[in-house]
Amino acid sequence: MFNSAKPLFDYIVRNITAYSPKETKAIAFMLLEHYLRLRNVDVLVDKPIASTESQPDWEHIVARLNQSEPIQHIIGSAFFCGLEFKVSPSVLIPRPETEELVRLIVKDCFWDENPVKIVDIGTGSGCIAIALDRFMSFAKVWGWDVSDDALVIAQENAHRLLSEVVFEKYDILEQDTFEGQFDCVVSNPPYVTYSEQTSMQPNVLRFEPHLALFVEDQDPLLFYRAIADFCLKHLKLTGACYVEINEQFGDTTKNLFLQKGFKKVEIIQDMHGKDRILKAKLSEEGL
Ligand code: GLN
């Protein structure tokens, strides 16, 4: 056990070998904050740790990290749009790129419907749906997923974050029997092709759900086709569809939406300058 912040921080940094020095420091700060509510400045001033404070088995935690287990799985949560979400191996760990998707929708927000009806297809932890619900008080949001385990996590997140998103089981690849119309359809579907596995980090490949990540190389746009078809029936003419995309398929995904009959299709780049978001509208009007 450690008596103060600095030796503990140094121990963690010295013993994590699976990450770069910068990532290692970020992880060490996350651990100190999560288990002992210690902040960066507490490390600088070497704040004492009370002997009554219970400490986890640091050696075990470092060993798990060195086996490439994501820090978010160890502490059980991840921040997304300033909100803390529970995560597990059944859901994708929310990514900063996906925060940009949420931000874009909140910024656009051109609907004057009340309530604005939004559906998030393949909701996973519920992070997109819950963030939209929290930031757009006039929205009524649904989150759909095919995975029962993901829906349990999403429901728990809604409960913790005082959100009224309705989570339901729905398979976008099954025959469409749904009745209803939305102002906004959003999705971060599986879009990584199996052949990209070779360039992926072990923490993603070994610990995150393949159901949420991968598509067959022969049909990388499978989910976008299903989402576009869903929109043709259930997206209002005044509405918009926002999807996260694989940067390799920006143009092909755009062409798919145009071929399906969408009138206005835009690709938006992420903070790394990569094609990451597609926004599509069924009519030329508006934003
Ligand atoms: N962007 C994620 C990754 O790099 C993939 C997300 C997805 O498939 N929807 O792992």
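The values are calculated or read from the model by the stated rules, or taken from the named source; none is laboratory data. What you are looking at is a predicted structure, and each value in this text was computed from that prediction instead of being measured. Positions of Cβ are generated from backbone atoms using ideal geometry, with glycine treated the same way; all protein chains shown enter the neighbour counts.
Tell me, yes or no, whether segment 127-135 has at least one residue that is of a type in the set (Lys, Arg), part of a strand (DSSP E or B) and more than 14 Å from the ligand (Cβ to nearest atom).
no
Out of Ala158, Ala212, Ala150, Ala154, I need the residue that is under 25 Å from Thr253 (Cα atoms), at pLDDT 95 or above and among the aliphatic types (A, V, I, L, M). Which one?
Ala212
In segment 226-247, which residue that is under 22 Å from the mean Cα position of the chain (by Cα) and assigned to a strand (DSSP E or B) is nearest to the ligand (Cβ to nearest atom)? Break it down into steps so the answer makes sense when it comes.
First, the residues of segment 226-247 that are under 22 Å from the mean Cα position of the chain (by Cα): 226-228, 230-231, 240-247.
Filter once more, so that each one left must be assigned to a strand (DSSP E or B): 240-244.
On the way: Ala240: 19, Cys241: 15, Tyr242: 13, Val243: 9, Glu244: 6 Å.
Here the residue is Glu244.
Go through (1) within 16 Å of the ligand (Cβ to nearest atom); (2) among the aliphatic types (A, V, I, L, M); (3) free of Cβ contacts under 8 Å to residues at least 12 places away in the same chain for Val41 and report which single condition fails.
Val41 satisfies every listed condition except (1).
Mind counting the residues in segment 205-238 that are in contact (Cβ under 8 Å) with a residue 24 or more places away in the chain and either among the aromatic types (Phe, Trp, Tyr) or touching a Ser or Thr at 6+ places or on another chain (Cβ under 9 Å) (or both)?
Total meeting the criteria: 16.
Could you count how many residues in segment 6-65 are polar (S, T, N, Q) and either crowded, with 16+ Cβ neighbours inside 10 Å or touching a strand residue (DSSP E or B) at 6+ places or on another chain (Cβ under 7 Å) (or both)?
Number satisfying all stated conditions: 2.
How about segment 248-272: which of its residues are part of a loop (DSSP other than H, G, I, E, B) and surrounded by 21 or more Cβ atoms within 10 Å (Cβ to Cβ)?
Phe262, the sole residue that qualifies.
Looking only at residues that are surrounded by fewer than 19 Cβ atoms within 10 Å (Cβ to Cβ) and of a type in the set (Phe, Trp, Tyr) in segment 189-213, which one is nearest to Gln175 (Cα to Cα)?
So the residue we want is Tyr194.
Among the residues of segment 139-150, are any buried (at least 16 other Cβ atoms within 10 Å of the Cβ), within 13 Å of the ligand (Cβ to nearest atom), among the acidic types (Asp, Glu) and closer than 30 Å to Ala63 by Cα?
So far as segment 139-150 goes, no, none of its residues is buried (at least 16 other Cβ atoms within 10 Å of the Cβ), within 13 Å of the ligand (Cβ to nearest atom), among the acidic types (Asp, Glu) and closer than 30 Å to Ala63 by Cα.
Could you check how many residues of segment 131-140 are within 24 Å of Phe223 (Cα to Cα) and in contact with a Cys (Cβ under 9 Å, 6 or more places away or on another chain)?
Total satisfying the criteria: 2.
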